[in-house]
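In what follows, a single structure is set out as structure tokens and then discussed.
Please treat every number below as a calculation from the coordinates, not as lab data. What you are looking at is a predicted structure, and each value in this text was computed from that prediction instead of being measured. With ideal geometry, Cβ positions are generated from the backbone for all residues, glycine too; neighbour counts draw on all protein chains shown.
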Amino acid sequence: MTLTQSACRQEILTAVPSIACAGVTPSAPTTWNHNTHYHRVLLDALPSQASDVLDVGCGDGALARDLAARGLSVTALDLDGPALERARAQGGKGIRFAQGDFLRHDFGEQQFDAVLSIAVLHHMDAEVALLRMRDLVRPGGVVGVIGLARSRRVGDVLLDVVAVPANRWLVARRGYADVLAPTVWPPPLSYSAMRRVAGQVLPGAIFRRRLLWRYSLIWRRPEG
């Protein structure tokens, strides 16, 4: 389905104000990149009484440290050994780092108040991964994803174009921390396909295309 010019314009106008928030992201300026820029989206989505959180594909631990800084108990899981070594080297009180494949890792009977991931979902089968995230969240808990997808719709392509000068401005202001974890490119699904998968697996999920080549997905598991 294609977007009308009005809808395209609205997506751009909705996304652009995120530039103004660049100076208030939780991480220090030297850690800024397209992933840390959206930490605040996940932090703001946490349940008010959250105590323990699973960070899926934690990489160098930037999100885990932001979560721990809020007094949360964090399980930070990643398959990549070197990434975990870098994360452990930076420490973080309240963080338990573990190496493993998210789709196969044995969590036992454990559930979490939130299961979060950044730039990881496109490394896995999205439907299978979202189902596992859903099952690991307690009633009232949150699944939160910042992810990557491919642009196919007119509105997505327009946002990609707008993102180029916005990104240059942000990098000039804040610098850029390279992502050292393994990468997958291009992402297997388009934004439209990812939106459909999210709606099928997590009914009621809020899916939003973000400016800096990312999308956000927030779903709250019903109580009871």
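Is it possible to state the helix-based mean residue ellipticity at 222 nm for the chain, with each DSSP H run of 4+ residues giving -39500 (n - 2.57), the sum divided by total residues, to the nearest 500 deg cm²/dmol? What is it?
-10500 deg cm²/dmol
From Cα pairs below 8 angstrom and at least 6 apart in sequence, can you work out the relative contact order of the chain, rounded to a whole percent?
Averaging sequence separation for qualifying contacts and normalising by length gives 24 percent for the chain.
As I understand it, the dipole of the chain uses +1 on the Cβ of Lys and Arg and -1 on the Cβ of Asp and Glu, about the Cα centre. Which of Trp169, Gly108, Ala68 lies farthest toward its positive end?
After comparing all options, I get Trp169.
So how much slack lies between Arg88 and Gln49, counting 0.36 nm per residue of separation and subtracting their Cα-Cα distance, in nm?
Going from the current span to full extension adds 11.4 nm.
Quick one: check the C-alpha center-to-center distance for segment 113-192 versus segment 25-91, whole angstrom.
Cα centroid of segment 113-192 versus Cα centroid of segment 25-91: 15 Å apart.
PRE reach from Phe107 (point 7 Å along Cα→Cβ): which of segment 196-224 fall under 18 Å by backbone N?
Only 198, 201-203, 205, 217-224 fall inside the zone, counting backbone N under 18 Å.
Quick check: net charge around Ile218, other residues with Cβ under 11 Å of its Cβ, Lys/Arg +1 and Asp/Glu -1?
+1
For the chain, with only Lys/Arg (+1) and Asp/Glu (-1) charged at the beta-carbon, what is the dipole magnitude about the Cα centre, in debye rounded to 20?
Dipole size: approximately 720 debye.
Give me the distance in nm between label points sitting 7 Å out from Cα along the Cα-to-Cβ direction at Arg70 and Ser190, one decimal.
Between Arg70 and Ser190, the simple spin-label model gives 3.4 nm.
Calculate the FRET efficiency for Ile206 and Val171 from the Cβ-Cβ distance with a Förster distance of 35 Å, rounded to the nearest 0.05.
Here the calculated transfer efficiency is 0.80.
Taking other Cβ within 10 Å of each residue's Cβ, how do Trp213, Trp169 sort, fewest first?
Starting with the residue having the fewest Cβ neighbours, the order is Trp169, Trp213.
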